[in-house]
Amino acid sequence: MGLLEVKDLSHSFGDKLLYKNANFELFKSEHLGIVGQNGAGKTTLLRSIVGELTPDSGDIRWQKNIKVGYLDQYAEIDFDITIFDYLKTAFDDLYHVEKELNKLYDDLKFDSSEETLNKVSDYQSFLTNRGFYEIDSTVLKVSSGLGITPLGMGKSLKKLSGGQREKVILAKLLLESPEVLLLDEPTNFLDKEHVNWLAEYLKSFTGAFMLISHDYDFLGKVATCILDIEFQTVTKYNADFNKFLKLKGIKKENYIREFKAQKKNIKKLEEFISKNRARASTAKLAQSRVKKLEKMEVLQPPKNNPKPEFKLKSLPLANQKALKVNSLLVGYGFPLLPKISFSVKPGEKIVITGFNGIGKSTLIKTLLGEIKPISGNFKFADYVKIAYFEQGLQWSDTSMTPLEIVEKVFPSLSTREVRKELSHFGIMAKHISQEISSLSGGEQSKVKLCLLVNTPSNFLVLDEPTNHLDNETKEVLKEQLMNYSGNIILVSHEESFYSNVIEREINLKKILN
């Protein structure tokens, strides 16, 4: 048995079957990437494995005494402590040993027996071997790699944004060095340089991990095997991501050939039965064909995931600068960045980069009027019509359905038209009438994308639009942004997504320095 054995696992939500009779194992030192379309059940699988969800049937067995670390953004945390103190709790077991060692040192004043001296030596060796005396430098190394140190290691957790807090939780998880890591989209709140750091860290990680990611470049760097969830089946490939894609393509081609051959054979059997079952001389032969058909495991028709089809609605531009920013100072009572000045030409496409927490979203929200500037000013041209994609999955009413959300924003659209628009993003008919909170992160992002696409504009403001999107949707969005005639201000950590879209980069880290 491996570190983890999943046997005959089935899970569904209402009438939606995610997977049936799934079987796979996770072995020592395996780096397993989990892939699948939005809503396929990737996060559900991880949550079932850690016991947060109960599957319909099947067994999940962990090897005894295995230390498992799960990236849980809902973990209970003391928000009053500092980032540094929180990260040091990853070593609570070592601090407990140090406490026992200090007691022994006190005991030496009265008891210098060989037994006590041996205990002191054992405890001292244990702490040394486990890197206890390098804890501070280890914490700072991981914090620097994930872009946490610029936030201020003395800052309390309650002052962090959701994305910043998730980075800190990830850092603590890495510092704990469990034997198995379970990570769900760990790069969503990381910038390019920190994604690269995490990739190098995971490549050299001696334990095993299961990782969900829509960042295929990242998966290609870290995964040694792939778990593919598609069409209610779970298949493990003992191959890296690039080889997996080839193997999956070959498997699909073979399946299509088998399906066509079986279909042809079934037709031949049915024709024979139809012609011969009524004749006494051939009735037995026909009956044998009937039994053969009844025993046959009929292959299902090959399915193709519907490719998203949508087009951004762009409005005309004018021959004047779309945006002027003059000595703008942004923040929440205190400045996050130095004064910034820039302008945007008609049709110009810009990406804003910089480490997480530097103020990218704050700058955008200031330009959109959601946050008041501390000083300075900015002005959009009168002709500018903005469409905004906000980072995160916040909804004013989580009980509303995608149908109700889109109808509320676009009341002129009929119910039939709304259903059609949502279908363009691959949102299945049965999900359109479900509560938005019951959908996967990817499906919710597609609803937000539907709102964006149907808003006529000539200036797009996009804050991490790809965080939860599958590769097919990202490719269509990328193509649409390349063909969009209006202005774009984009915040993104995926260079492979924006490199062919943008014309200019505003690196806030350089401004800060």
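Under 16 Å of direct C-alpha separation, and excluding same-chain neighbours fewer than eight residues apart, K321 reaches these aspartates and glutamates: E348, D382, E503. Think of each Lys and Arg Cβ as +1 and each Asp and Glu Cβ as -1; about the Cα centre, that makes the dipole of the chain roughly 3060 debye. For the range 386-513, the residue among T415, A429, L452 whose Cα projects farthest onto the positive side of the dipole built from Cβ charges is T415. Spatial offset of the range 1-56 relative to the range 116-178 amounts to 30 Å, using the alpha carbon center of each.
Taking label points 7 Å from Cα along the Cα-to-Cβ direction, H96 and K203 give a separation of 3.6 nm. Simple spin-label estimate for K267 and S396 gives 5.5 nm between the two label positions (7 Å along the Cα-to-Cβ direction from each Cα). Around T128, with a cut-off of 12 angstrom between Cβ atoms, what is the net charge of the other residues, counting Lys and Arg +1 and Asp and Glu -1? With Lys, Arg at +1 and Asp, Glu at -1, the neighbours total -2.
Between T224 and K67, what is the FRET efficiency for a Förster distance of 22 Å, r being their Cβ-Cβ separation, to the nearest 0.05? Please list the in-between numbers first.
On the way: r = 21 Å, r/R0 = 0.93.
Efficiency, rounded to the nearest 0.05: 0.60.
Of the residues P301, S57, Y133, the one whose Cα sits farthest towards the positive end of the charge dipole of the chain is P301 (charges of +1 on Lys and Arg Cβ, -1 on Asp and Glu Cβ, taken about the Cα centre). A compact globular protein would have a Cα radius of gyration near 2.2 N^0.38 Å; the ratio found for the range 300-366 is 1.76. Positive contributions from Lys and Arg (+1) and negative ones from Asp and Glu (-1), summed over other residues with Cβ under 13 Å from the Cβ of G36, come out at -4.
Separation of the alpha carbons by more than 18 angstrom is noted, of K307/K446; K360/K509; K192/K509; K64/K172; K251/K295; K28/K203, for K64/K172; K251/K295. Net length available on complete extension from E176 to E472 is 103.0 nm, with 0.36 nm assigned per residue and the Cα-Cα distance removed. Annotation: amide H-H contacts under 5 Å for L182 (H modelled 1.01 Å from N, sequence separation of 5 or more, or interchain): G69, Y70, L71, M210.
Using 0.36 nm times the number of residues separating L285 and I77, minus their current alpha carbon distance, what extension gain do you get? Mind dumping the intermediate values first?
Values: separation 208, 0.36 × 208 = 74.88 nm, distance 7.24 nm.
Additional length available on full extension: 67.6 nm.
Here's how it looks for T401: its modeled amide H is under 5 Å from those of I436, which are all 5 or more places away or on a different chain. For the range 334-353 and the range 85-101, what is the separation of their Cα centres, given in Å? Between the Cα centre of the range 334-353 and that of the range 85-101, the gap is 44 Å. Phi angles across the range 64-70 convert, under the Karplus curve 6.51 cos²θ - 1.76 cosθ + 1.60 with θ = phi - 60°, into 3J(HN,Hα) values of 4, 6, 8, 8, 10, x, 10 Hz, Gly and Pro given as x.
Could you give the semi-axes, largest first, of the ellipsoid that matches the range 74-162, computed as the square roots of 5 times the alpha carbon gyration tensor eigenvalues and rounded to whole Å? The partial results should precede the final answer.
Numbers: eigenvalues 239, 39, 18 Å².
They are 35, 14, 9 Å, listed largest first.
Here the range 271-329 was treated as a single set of alpha-carbon atoms; its pair distances binned every 10 Å from 0 give 15, 17, 13, 10, 9, 8, 8, 10, 8, 2 percent. Spin-label model, V409/K345: points 7 Å from Cα along the beta carbon direction are separated by 3.1 nm. Computed about the Cα centre, the dipole magnitude for the range 1-132 is approximately 620 debye when only Lys and Arg (+1) and Asp and Glu (-1) carry charge, each at its Cβ.
Scaling the Cα radius of gyration of the chain by the globular reference 2.2 N^0.38 Å produces a ratio of 1.20. Computed about its Cα centre, the charge dipole of the range 445-505 is approximately 240 debye, with only Lys, Arg, Asp and Glu carrying charge at their Cβ. 3J(HN,Hα) couplings calculated from phi for the range 149-161 with the Karplus curve 6.51 cos²θ - 1.76 cosθ + 1.60 (θ = phi - 60°) are, in sequence order, 4, x, 6, x, 5, x, 6, 6, 4, 5, 8, 8, 6 Hz; Gly and Pro show x.
We did not get these values from a lab; they are worked out from the coordinates using the rules stated. What you see is a predicted model, and the numbers here were worked out from it, not measured in a lab. Backbone-built Cβ (ideal geometry, glycine too); neighbour counts: all protein chains shown.
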